[in-house]
Amino acid sequence: MASLTSASAKVKTQHELVLVEENLSARTLILNRPKQLNALSYQMISRLMELFLAYEEDPNVKLLVLKGNGRAFCAGGDVSAVVLDIRKGNWRLGAQFFAKEFILNYVIATYTKPQVSILNGIVMGGGAGASVHGRFRVATENSVFAMPETALGLFPDIGASYFLSRLPRFFGEYVGLTGARLDGAEMLACGLATHFVPSAKLSLLEEALHKVDSSDPANISSIIDEYSEQPYLKEQSAYQRLDIIDRCFSRRTVEEILSALEREAMNKPDAWISTTIQSLKKASPTSLKISLRSIREGRLQGVGQCLVREYRMVCHVMQGKLSKDFLEGCRAILIDKDKNPKWDPPKLEFISNSMVEQYFSKIDDEEWEDLQLPARFHLPGYAAAKL
């Protein structure tokens, strides 16, 4: 019995995975899996949901601050656990993970109290879902943002088709398809971050937020403004290349995007264009095609519609009938780490429109149902604007 007790003592409880600091009317939630770069486990997502819903109903809580312990805010959802479930023949457990995560994303997107996410470090995948849907996103010089899903045989999910499609011009297609990394200055420039605060000033900012006794976004914004700076946007930044991005990533198909980039490279040799082409060529061809379609559809849909559609897509990916690229991508990047995935189909031209179409249809499984989003009726005007 002693060994069982000591083994179980090593497993963090839900409460240890998300720490809570209470100050006057503010609550600070701290993602606490620093060794795993705060990757979101099912228990963490469940705990965050519990806390968000409880604080929304608590009149004493006016403001939520979300941050990560260690060098990451959150590197994404813990997909390695999902892969283990799929390998054991239980893709539905993976589907449950994504359902819970997407519902949390929806609660955050329709939340009636201000959320300030402090993005001092890595923000990827599920980390973007826990922050970008909230009202305030504070980047620093340590911020690194990416949606790297196409390299894993997945697609930008967590409602990313909603927020990527609303970035300036065709920058969202570029970020979503290539998995490009953005720094804090680029996050601010394109709107993924609402503020930029140097990390040296974060403790002062948090202290000021702890004293807030207001849910008025204008008040919160003015407090963050006091510590904000306008960062330097590097000359070689992708955001400085919006004209090229527009010319290429506005194209109708992934093949046309690649051809346009290759033409640009012939006209003017540029390391950035070469890197962009290589990123696309390394990614799963299936992932690229469904990601482009998803972002394009997201332009015309509310956040709830995007999450319901993305849930259908992710269930097809988990089920693995249409393609096993997700398992192969996770093997090559996360498990064996040989960085040499064997995609199937291996080329864009082998993927027809009808194959892409299947990802957007209901799952053929009698136990499966569409994502059921909770009714969010606290402030109809605010929530409806994002539906």
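With θ set to phi - 60° and the Karplus curve 6.51 cos²θ - 1.76 cosθ + 1.60, what are the ³J(HN,Hα) couplings of the range 246-256 in order, to the nearest whole Hz, using x for Gly and Pro?
Computed from phi, the couplings for the range 246-256 are 4, 4, 8, 7, 7, 5, 6, 10, 5, 4, 5 Hz.
Just add up the charged neighbours of I351: K/R +1, D/E -1, any other residue whose Cβ is under 13 Å from the Cβ of I351.
Value of the local net charge: -2.
For the chain, what is the calculated [θ] at 222 nm in deg cm²/dmol (nearest 500), taking -39500 (n - 2.57) for each run of four or more DSSP H residues and dividing by its residue count?
About -13500 deg cm²/dmol.
By how many nm would the segment from K342 to K282 grow when fully extended, if each residue of separation counts as 0.36 nm and the alpha-carbon distance is taken off?
Gain in length upon complete extension: 20.6 nm.
Mind running the shape call on the range 293-374? Use the C-alpha gyration tensor, a ≥ b ≥ c as the square roots of the eigenvalues: rounded below 1.5 for a/c, prolate if a/b tops b/c, oblate otherwise.
Prolate, since a/c reaches 1.5 and a/b exceeds b/c.
Where the accessible area of the chain is counted over protein heavy atoms with a 1.4 Å probe, how much of it, in %, is carbon and sulfur?
The nonpolar share, carbon plus sulfur, comes to 52 percent.
What pairs in K35/K88; K281/K362; K282/K337; K282/K321; K88/K342 have C-alpha atoms more than 18 Å from each other? Kindly include the intermediate steps, with their values, before the conclusion.
Numbers: K35/K88 26 Å; K281/K362 29 Å; K282/K337 14 Å; K282/K321 22 Å; K88/K342 21 Å.
Those over the limit are K35/K88; K281/K362; K282/K321; K88/K342.
In nm, give the distance between the simple-model label positions of S203 and E226, each being 7 Å from the Cα along the Cα-to-Cβ direction.
1.8 nm
Under a straight-distance cross-link criterion of Cα-Cα below 17 Å, which lysines are reachable from K211, leaving out those fewer than 8 residues away in the same chain?
K62, K113, K201
Any idea what the dipole of the chain comes to, in debye rounded to 20, about its Cα centre with Lys/Arg Cβ at +1 and Asp/Glu Cβ at -1?
Taking the Cα centre of the chain as origin, the dipole is about 620 debye.
How many Å² of accessible area per residue for the chain, probe 1.4 Å? Before the final figure, lay out the partial values.
Working: 17010 Å² over 387 residues.
Each residue of the chain exposes 44 Å² on average to a 1.4 Å probe.
Report the full-extension gain for the segment I335 to K88: residue separation times 0.36 nm, less the Cα-Cα distance, to one decimal in nm.
Additional length available on full extension: 87.4 nm.
Using a 10 Å cut-off on Cβ atoms, rank the peptides 27-38, 173-184, 254-265, 116-127 from the highest mean neighbour count down.
Those peptides, ordered most packed to least, come out 116-127, 173-184, 27-38, 254-265.
The values are calculated or read from the model by the stated rules, or taken from the named source; none is laboratory data. Worth saying up front: this structure is predicted, and the values here are computed from it rather than measured. For neighbour counting, all protein chains shown are included, and Cβ atoms are generated from backbone atoms with ideal geometry for every residue, glycine included. Calculation scope for accessible area: heavy atoms of the full protein, side chains included, ligands and nucleic acids excluded. Shrake-Rupley method; radii C 1.70, N 1.55, O 1.52, S 1.80 Å.
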